[in-house]
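Engineer: Encoded as structure tokens, here's the structure I'll be asking about.
The values are calculated or read from the model by the stated rules, or taken from the named source; none is laboratory data. Quick caveat: nothing in here was measured; it's all calculated off a predicted structure. Backbone-built Cβ (ideal geometry, glycine too); neighbour counts: all protein chains shown.
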Amino acid sequence: MSISSSMNAGVAGLRANATRLATISDNIANSATYGYRRANTSFHSMVVGSGVAGQGEYAAGGVRTTSQRLVDQGGSLIGTQHATDIAISGRGFLPVTTDLGARLQDGTAPLLLTTTGSFRQDSQGYMRDSAGNTLLGWPANPDGTIPVFPRDSIAGLRPIQIAVNQQSFLATTNIRFGVNLPASATLPTASGEPYRMLVEYFNELGLSQTIDVEMTPSLTPPTASNRWQLQLTHAQSGDVLGSYEIVFDDAPGRGGTLLSVDRTSAEGGDYDPATGQMLIEADGQQIGFAIGRIGEGGGIVQRGATFSPAGVEQNGFGAGNLVGLMVDTNGNLDAVYDQGFRRTLFRIPIVDVPNPNGLTARNAQAFQVSRDSGPFFLWDAGDGPVGEFVGFALQESATDVAAELTGLIQTQRAYSSNAKVIQTVDEMFQETTNIKR
């Protein structure tokens with residue numbers, strides 16, 4: 001009976017608008033929740049009968065609803081005062097795990113996804129947000145490089161744990177010796193006095209050591225020899241680390257660059273023209289001593305009349321205390337030490353799925369991969385479809401309060417109208433009953 005279907009349609013309308021009211025209430029309640037993704041209720045008509053046009057009798061089918069969380073629609077970013085407040089400028093999610101998963105260090109921690117987080121170290125050094133989610137990342141090698149890990153699996157991800165009282169150092173493995181030797185020092189009328197300087201490096205215990213570098217010009221009349229004797233000596237022990245004869249080119253266009261390097265002592269390794277360095281050994285520690293390649297001006301050169309030792313660098317650092325953490329745009333979590341150096345401890349990948357709106361929503365703005373979302377993939381920041389990391393920032397809620405209040409007014413009107421339909425049908429049933437009287 002059409003009048004009965006009208007009442008059913010009114011009841012369906014009440015139920016549908018109550019569902020919409022629930023999503024609006026949830027959105028407004030989370031308007032200040034960082035990383036919140038708004039929920040949306042869609043209405044769909046229902047047809048009773050064949051639906052063919054021109055039927056003599058029509059029965060109301062009512063309405064049904066589907067609710068969906070719009071995970072792909074995020075809020076704006078807001079700046080903060082803490083380096084490990086992390087947001088993503090674009091598509092993608094941060095990998096996190098539960099409190100229980102943080103205790104698993106074998107790559108079996110359950111994967112959860114979140115869009116932003118204010119991460120702090122807890123009493124055990126785990127990086128957790130205010131909801132207790134623990135940040136996941138790939139552990140770096142001692143030299144700060146990141147090994148190769150699988151991208152479609154969480155096997156390489158580990159809960160990020162950092163010892164609060166840790167000290168760190170890095171033994172020197174390479175010294176770049178870029179100095180300018182005066183060409184005038186190889187003239188026959190020059191004094192022949194050697195040039196000396198000390199080069200610092202750090203040993204396997206993080207202690208500072210020095211190499212005494214002595215550069216002696218060769219005087220061969222009647223013209224400039226462009227020839228030098230380079231000797232490396234361990235300043236603390238007095239051991240000779242290597243001795244080399246260096247000849248500089250004076251040809252047009254290549255003047256002042258290396259022409260040849262020959263080892264003149266039993267100590268030290270041969271000069272490698274491919275890498276521009278020789279391997280020396282100091283107390284069992286092997287160090288690459290780079291002076292530049294033949295014909296290039298990136299290392300030691302001979303020009304002019306001034307000695308300039310401004311281009312000496314080494315890649316080690318001494319022991320220092322941890323004073324802070326930083327996250328760069330590539331997702332590298334760096335430890336900052338009181339001596340001013342930084343060391344990469346973890347790299348945080350950005351997780352992406354084909355259908356973000358198909359993710360299963362969990363508590364505390366977290367999501368979980370589902371069949372509808374598709375499989376996940378771990379990207380480096382800025383690669384593929386994903387964005388970059390932003391430190392000192394959080395992502396605001398995606399709720400637009402003005403739009404939600406407008407929807408609230410519409411929902412209230414629609415609910416009242418459906419209630420009026422039910423009241424009208426009830427009155428019509430009453431009139432039908434009165435016919436019998």
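Engineer: Looking at (1) crowded, with 16+ Cβ neighbours inside 10 Å; (2) at pLDDT below 85; (3) charged (D, E, K, R), which is the one condition that is false for Arg69?
Structural biologist: Among (1) crowded, with 16+ Cβ neighbours inside 10 Å; (2) at pLDDT below 85; (3) charged (D, E, K, R), the lone unmet condition for Arg69 is (2).
Engineer: Can you tell me which residue among Ala131, Ala190, Ala109, Ala155 is part of a loop (DSSP other than H, G, I, E, B) and under 28 Å from Gly75 (Cα atoms)?
Structural biologist: Ala131
Engineer: Sticking with this structure for a sec: Return the residues of the stretch 161-173 that are surrounded by 15 or more Cβ atoms within 10 Å (Cβ to Cβ), assigned to a strand (DSSP E or B) and polar (S, T, N, Q); say none if nothing qualifies.
Structural biologist: Matches in the stretch 161-173: Gln161, Ser168.
Engineer: Right, here's the next one. Take the conditions more than 27 Å from Gly288 (Cβ to Cβ) and either free of Cβ contacts under 8 Å to residues at least 12 places away in the same chain or of a type in the set (S, T, N, Q) (or both) and apply them to Asn357. Does it pass?
Structural biologist: Considered against the rule, which asks whether it is more than 27 Å from Gly288 (Cβ to Cβ) and either free of Cβ contacts under 8 Å to residues at least 12 places away in the same chain or of a type in the set (S, T, N, Q) (or both), Asn357 comes out as yes.
Engineer: Follow-up. Output the residue which, of all residues in the stretch 23-53 that are among the hydrophobic types (A, V, I, L, M, F, W, C) and free of Cβ contacts under 8 Å to residues at least 12 places away in the same chain, is nearest to Ala403 (Cα to Cα).
Structural biologist: Once the filter is applied, the top-ranked residue is Ala29.
Engineer: If you scan the stretch 270-288, which residues turn out to be closer than 21 Å to Gln236 by Cβ, among the small types (Gly, Ala, Ser) and surrounded by 13 or more Cβ atoms within 10 Å (Cβ to Cβ)?
Structural biologist: Across the stretch 270-288, the qualifying residues are Ala282, Gly288.
Engineer: Considering each of Ala335, Ala305 in turn, give the residue that is assigned by TED's automatic domain parsing to the domain that holds Leu230 and either of a type in the set (S, T, N, Q) or touching a residue at least 60 places away in the same chain (Cβ under 8 Å) (or both).
Structural biologist: The unique qualifying residue is Ala305.
Engineer: Quickly run through the stretch 296-319 and pick out the residues that are under 14 Å from Asn174 (Cα atoms) and loosely packed, with under 15 Cβ neighbours inside 10 Å.
Structural biologist: Glu313
Engineer: Here's a check for you: in the stretch 286-339, which residue that is among the aromatic types (Phe, Trp, Tyr) and within 31 Å of the chain's Cα centre (by Cα) is farthest from Ser208 (Cα to Cα)?
Structural biologist: Across the stretch 286-339, the extreme among qualifying residues is Tyr337.
Engineer: Applying the selection to the stretch 340-385, what residues are closer than 19 Å to Asn133 by Cα and assigned to a strand (DSSP E or B)?
Structural biologist: Passing the criteria: Phe346, Arg347, Ile350, Val351, Asp352, Thr360, Ala361, Arg362, Ala366, Phe367, Gln368, Leu378.
Engineer: When the stretch 204-228 is examined, which residues are found to be of a type in the set (Asp, Glu) and either more than 53 Å from the chain's Cα centre (by Cα) or at pLDDT below 95 (or both)?
Structural biologist: Within the stretch 204-228, Glu204 is the sole residue that qualifies.
Engineer: Mind checking whether some residue in the stretch 24-42 is in a helix (DSSP H, G or I) and more than 33 Å from the chain's Cα centre (by Cα)?
Structural biologist: The answer is yes, given that some residue of the stretch 24-42 is in a helix (DSSP H, G or I) and more than 33 Å from the chain's Cα centre (by Cα).
Engineer: Oh, and also: Which residues, taken from the stretch 196-229, are in contact (Cβ under 8 Å) with a residue 60 or more places away in the chain and crowded, with 16+ Cβ neighbours inside 10 Å?
Structural biologist: Answer for the stretch 196-229, where residues must be in contact (Cβ under 8 Å) with a residue 60 or more places away in the chain and crowded, with 16+ Cβ neighbours inside 10 Å: Val199, Tyr201, Phe202, Asn203, Gly206, Gln209, Ile211, Asn226, Trp228.
Engineer: Return only the number of the condition from (1) modelled with pLDDT of 90 or more; (2) closer than 17 Å to Ala140 by Cα that Arg303 does not satisfy.
Structural biologist: All conditions pass for Arg303, except number (2).
Engineer: Name every residue in the stretch 104-144 that is hydroxyl-bearing (Ser, Thr, Tyr), modelled with pLDDT of 90 or more and either touching a helix residue (DSSP H, G or I) at 6+ places or on another chain (Cβ under 8 Å) or surrounded by fewer than 23 Cβ atoms within 10 Å (Cβ to Cβ) (or both), in order of residue number.
Structural biologist: Result: Ser118, Tyr126, Thr134.
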